[in-house]
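Peer 1: The structure under discussion is supplied below as structure tokens; questions concerning it will follow.
The values are calculated or read from the model by the stated rules, or taken from the named source; none is laboratory data. Every value quoted in this text rests on a predicted model; they were computed, and no experiment measured them. Every residue, glycine as well, gets a Cβ built from its backbone with ideal geometry; the counts of neighbours run over all protein chains shown.
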Amino acid sequence: MLRSLEIRWFYGNTVPNSVIHWFEADLPGKIPLTPEPSREDYYLSLKETDSLGIKLSRNRLQIKRRTKTFDFFLEGGTKIGRAEYWIRLDLYDKLPKRELLPLLARFDWILVNKGRIQRKYKFLKNALVQVPSIQLDPDCAIEITKLTLNNMSSWTMAVEVFDIGHLTSKRLSAAVKILLSRYPLNLDLTDSYSYPGWLLAQTVE
């Protein structure tokens, strides 16, 4: 089980060059970036909630449930997004193809193609120290993910910290202050929601 607090934004079209440059050159850390292999994620179609996500990713089943959400403010009082607490459960055994295909055929799934780059960090006093992307116990992470849904391109940027109890919200504030200080786009509450919320918006008839 993984508990996290994240703030996420979604944008249409492709990732601007200014954002790519910021992610590659302006964020803390010198460990070279290695984009993850592109993948296909299948989200179970849930038409009445944005607080639950069920997906098949890399032949594994993952369930995420949101337990709390609140508006997120910068130090100066500017509201820039919505922070969300999530609990994630993973079925770590890979599903054999003979079991995966009938599962996909039985229910209504939404296919999203993803290409993600990510940086992971540990907190060291008032600074963030980058750790390898394969490390399993970072304190926080930042990502850009290119998305394709129904042949339409979009992308998402997110900052996530991992639960250590009462300090989690303070750590998110500290991470955002450091990581997004030179982010080249405006951060707006109207662009900030979860993957389930984004899928609902994309699939409204």
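Peer 1: Hey, can you tell me all the residues within region 90-123 that are modelled with pLDDT under 90, among the aliphatic types (A, V, I, L, M) and in a strand (DSSP E or B)?
Peer 2: Selection gives LEU91 alone.
Peer 1: Could you list, in sequence order, all residues of region 57-72 that are surrounded by fewer than 16 Cβ atoms within 10 Å (Cβ to Cβ) and farther than 16 Å from VAL159 by Cα?
Peer 2: Within region 57-72, SER57, ARG58, ASN59, ARG60, ILE63, ARG65, THR67, LYS68 qualify.
Peer 1: Can you list residue pairs whose Cβ atoms sit under 9 Å apart, with the first residue in region 47-66 being within 14 Å of ILE110 (Cα to Cα) and the second being of a type in the set (Ser, Thr, Tyr) and assigned to a loop (DSSP other than H, G, I, E, B)? Count only pairs 6 or more apart in sequence or on different chains.
Peer 2: The qualifying pairs are GLY53/SER194.
Peer 1: Pull up region 166-200, narrow it to residues that are more than 17 Å from the chain's Cα centre (by Cα) and not in a loop (DSSP other than H, G, I, E, B), then point me to the one that is nearest to SER51 (Cα to Cα).
Peer 2: In the first step, residues of region 166-200 are kept if they are more than 17 Å from the chain's Cα centre (by Cα); the result is 166-167, 170, 174, 177-178, 181-182, 184-186.
Keeping just the survivors that are not in a loop (DSSP other than H, G, I, E, B) gives 170, 174, 177-178.
Values: LYS170: 23, ALA174: 25, LYS177: 26, ILE178: 28 Å.
Going through the qualifying residues, I end up with LYS170.
Peer 1: Within region 18-56, how many residues turn out to be out of contact with any Gly (no Cβ under 8 Å at 6 or more places or on another chain), surrounded by 14 or more Cβ atoms within 10 Å (Cβ to Cβ), in a strand (DSSP E or B) and not aliphatic (A, V, I, L, M)?
Peer 2: Looking only at that region, the number is 4.
Peer 1: Inside region 96-126, can you point out the residues that are small (Gly, Ala, Ser) and either surrounded by 10 or more Cβ atoms within 10 Å (Cβ to Cβ) or over 12 Å from TYR42 (Cα atoms) (or both)? Steps first, please.
Peer 2: Keep residues of region 96-126 that are small (Gly, Ala, Ser), which gives 105, 115.
Within region 96-126, GLY115 is the sole residue that qualifies.
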